[in-house]
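The values are calculated or read from the model by the stated rules, or taken from the named source; none is laboratory data. For clarity, every value in this text was computed on a predicted model and none was experimentally measured. Glycine gets a Cβ as well: all are built from the backbone with ideal geometry, and neighbour counts include every protein chain shown. We work out accessible area using only protein heavy atoms, side chains counted, and drop any ligands, DNA or RNA first. Shrake-Rupley method; radii C 1.70, N 1.55, O 1.52, S 1.80 Å.
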Amino acid sequence: MSTLPTRLIHHPYRPPEGFEAVAPGVHKASTVFFPNVHALRTQEWKDKSGYTYGLHGTPTTFTLEERIATIEGGRFCVLAPSGLSAISLVDMAFLRQGDELLLPDNAYGPNKSFAHVELQAWGIAHRYYDPMDPADLAAKISPATRLVWIEAPGSITLEFPDIPALVAVVRAANAGRERPIVSALDNTWGAGVAFQAFELGVDVSMQALTKYPSGGADVLMGSVVTRDEALHRQVLLTHMRLGLGVSGNDAELVLRGLPTLALRYAAQDAATRALAQWMQAQPGVVRVLHPALEGSPGHEYWRRDATAAACLFSAVFDERFDQARVDAFCDRLRLFRLGWSWAGPISLCAPYDVPAIRSVTRWPHQGGLVRFAVGLEAVDDLKADLAQALSALVSP
Ligand SMILES: *Cc1c(COP(=O)(O)O)cnc(C)c1O
C-alpha cells in the first residue's frame, strides 16, 4: 500500500464506460499515458488513430476538428489558437524563402501586416490584386507565386468576389508547375453556412472560429480545413513544429456554439439585411455595402454562389461629415458598442479610413465609413439606436 501523497495521485477508481450526454466531454492534457513502451514508441500522432500528447489532440479537439471539417464540406481540420494564427499557419505551411504571396487589396488587415513584416523579413514577397478583377490576379501571378488568399467578402468594404473565376485563374497558372499555387479562402464570413467553399474550388478554407462558431465573443480560435490529404499533411506538420495548441475548455466553448450556428446565422442575417436596407434610405448616408443588397459590389456573385449573408454591413457617409463627426456618431450609439470582432450577441461598430488600407484599387468615396456588426438584439431597438445617432449627425 503506497502512502497518502501517492494514493492521492495514483487512485484506483475508473468510471464505468458508456457515458453519453448532449455535450461531449472536456479532455485536458499535456501528458497522455501509453500502456507500454512499444505503444509510446509507435503510436502514430498524425492520423487521429490514438493519442500521444496534448499538442497533437485530445478527444475534445478531435471532435471539434471533425465537426468543423464536416460543416465546411472538407475532410481535414487543424485548430489554431486564433483566426490570425490560422492565417499565419497557412502562410508558413505553404511559403518558403523566395516565394511570393498574393493578397486581395481588401484583405483582413492583420493578414496584410503578417506579410509586410514577418514574411518580408524571411524573404517572402507579397503583392496585392484587385479581388473584383480576375484578370488582375492573372497578371500578378509570377513564377514565384505560391499562395493566393481570397476573402469573400473583403474585410470592411464587403465586396463579394467571383470565387470560381479567381480559382480558375490559379488553376490555369498551375498547368505544368512543379509546385502548384495554393488557393486559400478566409471563410470566416461564410462560416460554412452561406456557401460551401470547396464546391467553389478553393484548396484551403480558414476560419476565425472566434466569430460564428463560438458566437459568444468569449473565445479565440481558428481553423484550417482542407479536402486534399497532401495539403492537410503540410498544414499539420507545420502546425506541429510551431507548437500550436488550443485548450480543451476553449474547444468546449466552440462545441457549445455549434448547435445554434445555423439559427444564429439566419437571425443575424435577417436583422442585418433589414438594418442595411433601412440605412440606405437615411439622409447623410451615401452608400451601404452588404453583399445581399442590389448594387453592392459583387452582389451578382453573392446571389449566384451563396444562400445567406453574415451580420456585417458598412455605411459610407456623405463627405460633408468629417472624421470627427463620424466618430461622434459612433460615440453616440448606445446598443452598438465600440469594439472589434463580430458574430457575438452584442452589436458593434467601428469607423475605418478606407483609403489608408488600400494599395492597388481606387476607393470611390470621400466620406467616412462605419462598419456595423449586428448582434442578437431586437431589430427595432437597433434601428432606434441608429436613428437617434443619425439625427444628431445630420442636424446637430
Ligand atoms: C476576426 C477575423 C480574423 C481573425 O480572427 P481572430 O480570432 O480575431 O484572430 C480573420 N479573418 C477575418 C475575416 C476576421 O473577421
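With a 1.4 Å probe and all protein chains left in place, how much of the accessible area of the chain comes from carbon and sulfur atoms, in whole percent? C and S atoms contribute 55 percent here. Roughly what % antiparallel, to the nearest 5, for the DSSP beta bridges in the chain? In the chain, DSSP labels about 55 percent of beta bridges as antiparallel. The alpha-carbon of Lys46 sits under 20 angstrom from the alpha-carbons of these lysines, leaving out residues fewer than 8 places away in its chain: Lys28. What the phi angles of segment 337-346 give under the Karplus curve with 6.51, -1.76 and 1.60, with θ = phi - 60°, is a coupling list of 8, 8, x, 8, 6, 6, 6, x, x, 9 Hz, glycine and proline written as x. Using the reciprocal of the averaged 1/r over all distinct C-alpha pairs, how large is the Kirkwood radius of the chain in Å? Hydrodynamic radius (Kirkwood, Cα only) of the chain equals 22.6 Å. Within the same chain, aspartates and glutamates fewer than 8 places from Lys48 are excluded, and of the rest, those with a Cα less than 18 Å from its Cα are Glu65, Glu66, Asp228, Glu229. Comparing Arg96, Arg233, Arg41 in a Gaussian network model of the chain, where Cα atoms under 10 Å apart are tied by springs, the biggest mean-square fluctuation is seen for Arg41. Net charge dipole, the chain: roughly 740 debye, given to the nearest 20, about the Cα centre with Cβ charges of +1 for Lys and Arg and -1 for Asp and Glu.
Mean-square fluctuations from a GNM of the chain, with a 10 angstrom spring cutoff on Cα atoms, peak among Pro180, Pro143, Pro364 at Pro364.
With all protein chains kept in place, the per residue accessible area of the chain amounts to 46 square angstrom at a probe of 1.4 angstrom. Whole angstrom only: what separates the Cα centroid of segment 85-119 from the Cα centroid of segment 354-393? The two parts, judged by their Cα centres, are 28 Å apart. Of Trp122, Trp363, the residue with the largest accessible area leads and the full order is Trp122, Trp363 (1.4 Å probe).
Sequentially through segment 82-93, phi angles give Karplus couplings (6.51, -1.76, 1.60; θ = phi - 60°) of 7, x, 5, 5, 5, 5, 5, 4, 4, 4, 6, 6 Hz, Gly and Pro residues having no value and appearing as x. Between Asp380 and Ala135, the FRET efficiency from the beta-carbon distance, with R0 = 56 Å, is close to 0.80. In the chain, the DSSP-assigned H stretches of four residues or longer account for a calculated mean residue ellipticity at 222 nm of -10500 deg cm²/dmol, using -39500 (n - 2.57) per stretch and the full residue count as denominator.
With axes computed from alpha carbons, what is the tilt in degrees of helix 379-394 against the longest principal axis of the chain, rounded to the nearest 10 within 0 to 90? Tilt relative to the chain: about 50 degrees. Helix 261-280 versus the longest principal axis of the chain: what is the Cα-based angle in degrees, 0 to 90, to the nearest 10? It works out to around 10 degrees. Using alpha carbon centroids, what distance separates segment 31-72 and segment 240-288, in Å? So the two Cα centres are separated by 30 Å. Label-to-label distance, Arg241 versus Ile357, with points set 7 angstrom from Cα along the beta-carbon direction: 3.2 nm. Highest mobility in the GNM of the chain, judged by mean-square fluctuation with C-alpha springs under 10 Å and restricted to Thr31, Thr157, Thr61, is found for Thr31. If the segment from Ala387 to Arg75 were pulled out straight at 0.36 nm per residue, it would be longer than the present Cα-Cα gap by 107.7 nm. Summing charges over neighbours of Ile357, with a neighbour being any other residue whose Cβ is under 15 Å away from its Cβ, gives -1 when K and R count +1 and D and E count -1.
Other residues within the sphere of radius under 14 Å centred on the Cβ of Glu178, judged by their own Cβ, net out at +3 (K and R +1, D and E -1). Direction-averaged projected area, Cα convex hull, segment 261-394: 8.1 nm², rounded to one decimal. Between His365 and Glu44, the simple spin-label model (points 7 angstrom out along Cα→Cβ) gives 5.3 nm. Relative to the dominant Cα principal axis of the chain, helix 229-242 is inclined by about 80°. Which of the lysines could a cross-linker span from Lys140 if the Cα-Cα distance has to be under 17 Å and same-chain partners fewer than 8 positions apart are dropped? Once the sequence-local lysines are set aside, what remains near Lys140 is Lys112.
Taken one residue at a time, the phi angles of segment 255-260 give Karplus couplings (6.51, -1.76, 1.60, θ = phi - 60°) of 4, 5, x, 4, x, 9 Hz. Gly and Pro are set to x.
In this calculation the C-beta distance from Val37 to Arg179 is compared with R0 = 51 Å, giving a FRET efficiency of 0.80.
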